[in-house]
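Here's the structure, in structure tokens; my notes come after.
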Amino acid sequence: LDELIKIPTYKMEKNSEQIINYASLFSLFPKEKGTFNGYKPSLEKYEHDGVLSQNSALIMSNFLNKSISEQKEELDDRQKSQQYIRILFEIVKNVHGDEKLITFALLYIDGMLEENRYRIENFVSIQNSFNPGRKMDLIGILLNFLISNNDSKNYNRNTASKVLSMIIEASGYEHCKEHAIDFMNWIYSFDSSRLSANSYTFSIMYLVNINELALEFVELNGINKLIEMLDYQCLNDYQIAYNVLATLWILSYHDFAQKYFESPSLDLIEKCLKILDFFNKEKVVRITLLLMENLTHRKQCLEIMSDLNGLELIQKLQQRHWVDEDIKELLEKLWGIFDDNYEEFTSIDKFRKEIHMKSLRWGPVHTERFWQENFIHFHEKDNLDLIKDLMALLHVDNERTVAVALYDLGEFAKYFPFGRSFLDNIGIKGVIYDVMQKSESAEIKKEAITCLQKLIVTSWQGRSKS
């Protein structure tokens, strides 16, 4: 997953004095770093009481007294690193009542992985070992910790959840099926008192990379939680936005998730594209474009993105300078796709389809250009009847649909030669006045007033010429 979507590690200063300083907690709460500066736990008591394995205190003491470069070298060595991993997990599993020591162990584990994500293989070797003497259920230890931990602060749960998701993803579903499902059931609904949004979205992003867990997440209705986050947490934190978009990108490969992207009531695609109004960081733009590119393979999703002015968005992004070459290539590819399909998505057939679905959104068939090019089609009775259906949409309980319908009725009056008289004959003005009185929507009132103005002017075309 790291290679596929370029998940960045947290950048720390090169001369960090301890591996623990790489832990992701400190990028969110830098002041907490001071709590562990120079901290070297005393493990003799726990070893004496049998809580930790023999020689654990000496092994960890010798390791922590090494220079940062020596520590990194030993952690990159599979055989040497595993002894430190085992001791740290023994602390998480067996130590009780010493919160600082437990926090230290979890943060050190996280720091090991953040400094070098490839070290996850050292954890997997322990988790999946066929040798009973070497195997240790790291996943089970972290899961039990999460389930039993009731601390008021969620620091440790955030760290444990993050590490656990990475080990599950790297270990493979077949090696941890029951634990993986238990963890998904524990985490999927998101409880802000239990986990931070950052940790939650990071964990889900890793878990859904396993097909079976992706299905489990969707069946648990987890996508609806992501949709909620797109409206709130994602608009305030680009990392959370990135995690959610990456998760949705992974899910977009699965048929079982497609109904969520295609649903007109969920507006999932629209909410994803809206993120670009808030953040212009390259990694956020890149993952959004990857999601868009994947969705273009689904006809209905391509149509929705076209309705959302996907071509205009791509053209706007192309005008900016990008360092990431992948962004440039994705923009070029997406421009070609939208351009090739432009005529189909601005046709009278597309307009008719939207009217019959009784759900309108701003897009290519609700623009001045559309009416300039397509007004002639309303000389045909079947198409003219669509105007009556359009008027009926003024009574639906959807502000956007009503606003778009008002805009279209005004454009029909403006460009169709007999549009004004046709609308007068079906009593459109009375309906518009009724809509204005009943609605509190500023958008509806604006479109209603504009529509009435177009109905009152006798000849818009004549005005344009003068």
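The values are calculated or read from the model by the stated rules, or taken from the named source; none is laboratory data. Because the structure is a prediction, the values reported are computed rather than measured. Positions of Cβ are generated from backbone atoms using ideal geometry, with glycine treated the same way; all protein chains shown enter the neighbour counts. Only protein heavy atoms, including side chains, enter the accessible area calculation; ligands, DNA and RNA are left aside. Shrake-Rupley method; radii C 1.70, N 1.55, O 1.52, S 1.80 Å.
Quick one: putting +1 on the C-beta of Lys and Arg, -1 on the C-beta of Asp and Glu, what dipole do you get for region 347-456 around its Cα centre, in Debye to the nearest 20?
Dipole of region 347-456, to the nearest 20 debye: 100 debye.
Between region 95-163 and region 286-312, how many Å separate their Cα centres?
Cα centroid to Cα centroid, the span is 39 Å.
Using a 1.4 Å probe and ignoring any ligands, DNA or RNA, find the accessible area of residue 422 and quote it in Å² to the nearest 10.
40 Å²
Enumerate the amide H contacts of residue 129 below 5 Å, restricted to partners 5 or more residues apart or on another chain; note that Pro and chain-start residues carry no placed amide H.
136
How tilted is helix 325-340 with respect to the longest principal axis of the chain? Cα atoms for both, answer in degrees (0 to 90, nearest 10).
The two axes meet at around 30 degrees.
Taking only the alpha-carbon positions of region 16-220 and ignoring solvent, what does the Debye formula give for the base-10 log of I(q)/I(0) at q = 0.09 Å⁻¹?
Taken in order of the listed q values, log10 I(q)/I(0) reads -0.32.
Quick one: 3J(HN,Hα) in Hz for region 52-61, Karplus 6.51/-1.76/1.60 with θ = phi - 60°, rounded, Gly and Pro as x.
10, 5, 4, 6, 4, 4, 5, 4, 6, 4
Counting only protein chains, not ligands or nucleic acids, how are 307, 340, 434 ordered by accessible area (probe 1.4 Å), most first?
340, 434, 307
Could you give the size of the charge dipole of region 323-371 about its Cα centre, using +1 on the Cβ of each K and R and -1 on the Cβ of each D and E, expressed in debye and rounded to the nearest 20?
560 debye
What's the carbon and sulfur percent of region 221-345's accessible surface, probe 1.4 angstrom, rounded to a whole number?
46 percent
List the chymotrypsin sites (Phe, Trp or Tyr not before Pro) in region 44-132 that DSSP assigns to loop (not H, G, I, E or B) and whose Cβ has at most 12 other Cβ atoms within 10 Å. Which are they?
Filter output for region 44-132: 130.
Hey, how much of the P(r) for region 197-260 falls beyond 19 Å, as a percent of Cα pairs? Mind dumping the intermediate values first?
Numbers: 414 of 2016 pairs.
Cα-Cα pairs in region 197-260 separated by more than 19 Å: 21 percent.
Taking all protein chains in place and a 1.4 Å probe, what share, in percent, of the accessible surface of region 16-220 do carbon and sulfur account for?
Roughly 46 percent, rounded to a whole number.
Region 320-366: which GluC sites (Glu not before Pro) are DSSP loop and have at most 15 other beta-carbon atoms within 10 angstrom?
Those that pass, being in a loop and sparsely packed, are 343.
For a 31 Å ceiling on Cα separation, which of these pairs sit above it: 153/328; 350/429; 283/446; 31/271?
Working: 153/328 43 Å; 350/429 27 Å; 283/446 37 Å; 31/271 34 Å.
The answer is 153/328; 283/446; 31/271.
Ignoring ligands, DNA and RNA, please state the percent of accessible area on region 347-456 from carbon and sulfur, probe 1.4 Å.
53 percent
Expressed in nm², what is the orientationally averaged projection area of the convex hull enclosing the Cα positions of region 319-460?
Taking a quarter of the hull surface, the average projection is 10.4 nm².
Just going by the charge dipole of the chain, with Lys and Arg at +1 and Asp and Glu at -1 on Cβ, which of 291, 412, 450 is farthest out on the positive end?
Most positive-ward Cα: 450.
Please give the per residue accessible area of the chain, computed with a probe of 1.4 Å over protein heavy atoms only, in Å².
47 Å²
Where the only charges are on Cβ atoms (+1 Lys, Arg; -1 Asp, Glu), what is the dipole of region 41-178 about its Cα centre, to the nearest 20 debye?
For region 41-178, the charge dipole is close to 120 debye.
So what's the Cα pair-distance distribution over the chain, bin width 20 Å, in %?
The calculated distribution, bin by bin, is 21, 42, 23, 12, 2.
Between beta-carbons, use under 9 Å as the cut-off and find the net charge around residue 157, counting Lys and Arg +1, Asp and Glu -1.
Surrounding charge for residue 157 is +1.
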